Amino acid sequence: MKIHHNRNIPVLILASFILGFLWNNPVQCQHPYQDTDGKLREMALDPNVKTIQLYREGWPLSYPVIRLPEDVPLVLEFDDLSKDQPTFLYKVVHCNADWTPSGLIEQEYLEGYPENEVPGSTPSFNTYYTYRHYTLNLPNENTRFLVSGNYMVVVYRDWDPGDVAFTKRFMVTEGLVNIQARAGIPVMNHYKGCCHEVDFTVKHAGVNIDDPFGDTRAAIYQNGLWDLGLEGLQPYMVNPLELVYDFQEENIFPGGNEFRFFDTKNTRIPTYFIQHIDYIDPYFHFELKPDKPNPPHLYFSKEDINGRYFIESEGGRDPGVDADYVFVHFSLTMPNPLDGSVYITGDLTNWQFNDLNRMEYVADKGAYMKTLLLKQGVYNYRYLFLPAFSEQFDMAEIEGSHYETENEYLILFYHRPPGTRYDRLLGHQVIHSNQ
């Protein structure tokens, strides 16, 4: 799938914004999370496994990036809502800069065992919806990383590597370069109203780079959405001890709009954007205030967390086990249905596009409607439209797209010196647009 903007953004810049058509139309590959191009995808495959998060310890909204040799660990959390209490195991796969598996064997990039059990779970406490909560630190006494680069953690059930529950991406960096970057209004006039231009310079004093165009790659990702990214970037200009990535078209992203949000922490009193709360034995139901499409020509500034969510319950002590699961009812008011499909997107749906988050148009309500089972917390989300018989999502049809939108960009810089067999991740940088 691709994201397409039908007002102002030329099709040229959107060829790189691939959204996983294979998520919705799987094909036979070596792994269920691997595309025909060989890339490993971040996917949630088991509908009973929910609220999958991977972040730096103490910072739940952070990117999953750690530094060699010593750094705070990453924390992987998830819940299992099934009743059979399976055993979950995990393995870690080293990847190239383009997220295809690298040629390294496990002993070259890992110290410890190639496959391990996820530690014992904790049952939910005082919740209406029962579940078991799992937490795993990476690295740990069984798994330590020896080299930098892209990694994928694969979690599967009951000693069966083919029964994959989910996959999550993370990065291990060496922190050897300094990346100076900005994201703001594009230089070219026809991008100025709707897009962001991301320019950066990699300063590599102390790192010898003989062939910047052949040995290096850079990537940019927007708001943690791996499939909305630019990969394989080469420098525009090479200066002594620095590589300059200052393009006018190759580094353009549609700005989109600020994310919508809601708060389900309190099950007694409706808070932000909650129409009302009902207890329908045995679970809570939150009906959101009806949404409307954003006017395409207007931008309204508001705070968001760039498509993410954080888990919390009012008065709770440990949100991992005392936050309940509740049913959240969405409605998008439109007088007539669109010729295509509308999806609820963001981290709350793992940025996937399938029947679990595709909305249904209800004629007598004059609205698209959908119900999601979500853990209590604060959530960001947005609506994306897929026209009929198309593989390109239209970002602007419902949400609009503006240069004023605040987005977060992750920049990664890779180096593969001659004679080496993997892409070293030498550094990363996180920036925000219009700041």
query = Pairs under 9 Å by beta carbon, first residue under 22 Å from HIS432 (Cβ atoms) in region 187-216, partner crowded, with 16+ Cβ neighbours inside 10 Å and of a type in the set (Lys, Arg), six or more apart or different chains?
reply = GLU197/ARG182; VAL198/ARG182; ASP199/ARG182; PHE200/ARG182
query = With respect to GLU231, is the statement that it is touching a residue at least 12 places away in the same chain (Cβ under 8 Å), surrounded by 11 or more Cβ atoms within 10 Å (Cβ to Cβ) and under 24 Å from the mean Cα position of the chain (by Cα) true?
reply = yes
task = With the condition kept exactly as written, say whether any residue in region 157-164 is touching a strand residue (DSSP E or B) at 6+ places or on another chain (Cβ under 9 Å), over 23 Å from LEU54 (Cβ atoms) and of a type in the set (Lys, Arg).
result = no
key: Residues (in contact with a Ser or Thr (Cβ under 9 Å, 6 or more places away or on another chain), over 21 Å from LEU68 (Cβ atoms) and surrounded by fewer than 16 Cβ atoms within 10 Å (Cβ to Cβ)) located in region 97-127   = GLU117, PRO119, THR122, PRO123
query = Mind checking whether some residue in region 413-427 is among the β-branched types (Val, Ile, Thr), assigned to a loop (DSSP other than H, G, I, E, B), modelled with pLDDT of 95 or more and closer than 28 Å to ALA97 by Cβ?
reply = no
inquiry  = Which condition from (1) under 15 Å from the mean Cα position of the chain (by Cα); (2) assigned to a loop (DSSP other than H, G, I, E, B); (3) modelled with pLDDT of 95 or more is the one that GLN352 breaks?
reply    = (3)
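Taking the condition surrounded by fewer than 20 Cβ atoms within 10 Å (Cβ to Cβ), at pLDDT 95 or above and not assigned by TED's automatic domain parsing to the domain that holds PRO114, does ARG144 pass?
So ARG144 does not fit the description; no.
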Which listed residue, of GLU106, GLU70, GLU117, is without any contact (Cβ under 8 Å) to a residue 40 or more places away in the chain and in contact with a Leu (Cβ under 6 Å, 6 or more places away or on another chain) = GLU117
ask   = So, of the residues in region 241-257 that are at pLDDT 95 or above and surrounded by fewer than 19 Cβ atoms within 10 Å (Cβ to Cβ), which turns out to be farthest from PRO295 (Cα to Cα)?
value = LEU241
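Please return the ranges of strands (runs of 3 or more DSSP E) entirely within region 357-399 where 1 or more residues are in contact (Cβ under 8 Å) with a residue 60 or more places away in the chain and surrounded by fewer than 16 Cβ atoms within 10 Å (Cβ to Cβ).
367-375
Here's the yes/no breakdown for (1) in a loop (DSSP other than H, G, I, E, B); (2) within 30 Å of LEU228 (Cβ to Cβ); (3) of a type in the set (S, T, N, Q); (4) assigned by TED's automatic domain parsing to the domain that holds SER301:
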position: GLU250; (1), (2), (3), (4): yes, yes, no, no
position: ARG268; (1), (2), (3), (4): yes, no, no, yes
position: TYR272; (1), (2), (3), (4): yes, yes, no, yes
position: HIS276; (1), (2), (3), (4): no, no, no, yes
position: TYR279; (1), (2), (3), (4): no, no, no, yes
position: PHE284; (1), (2), (3), (4): no, no, no, yes
remark   = Scanning region 400-423 for residues that are among the charged types (D, E, K, R) and surrounded by fewer than 22 Cβ atoms within 10 Å (Cβ to Cβ) gives GLU404, GLU406, GLU408, ARG416, ARG421
Filtered residue count, region 273-311, keeping only those that are at positive phi and touching a Lys or Arg at 6+ places or on another chain (Cβ under 8 Å) = 2
remark   = In region 71-114, anything more than 13 Å from ASN142 (Cα to Cα), of a type outside the set (Val, Ile, Thr), assigned to a loop (DSSP other than H, G, I, E, B) and more than 25 Å from the chain's Cα centre (by Cα) is listed as LYS83, ASP84, GLN85, PRO86, GLY103, LEU104
inquiry  = Looking at region 268-300 only, could you name the residues that are modelled with pLDDT under 95 and in contact with a Ser or Thr (Cβ under 9 Å, 6 or more places away or on another chain)?
reply    = THR271, PRO296, TYR299
task = For VAL153, state whether it is under 18 Å from CYS95 (Cβ atoms), among the aliphatic types (A, V, I, L, M) and surrounded by fewer than 21 Cβ atoms within 10 Å (Cβ to Cβ).
result = no
task = Sort through ASN137, ASN223, ASN178 and tell me the only one that's in contact (Cβ under 8 Å) with a residue 12 or more places away in the chain and under 19 Å from ASN350 (Cβ atoms).
result = ASN223
query = Looking at region 318-330, is at least one residue in a strand (DSSP E or B), surrounded by 15 or more Cβ atoms within 10 Å (Cβ to Cβ), under 22 Å from the mean Cα position of the chain (by Cα) and in contact (Cβ under 8 Å) with a residue 60 or more places away in the chain?
reply = yes
query = Yes or no: VAL342 in contact with a Phe, Trp or Tyr (Cβ under 7 Å, 6 or more places away or on another chain) and closer than 19 Å to TYR131 by Cα?
reply = no
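The values are calculated or read from the model by the stated rules, or taken from the named source; none is laboratory data. Quick caveat: nothing in here was measured; it's all calculated off a predicted structure. We place every Cβ from the backbone using ideal geometry, glycine too, and count neighbours over all the protein chains shown.
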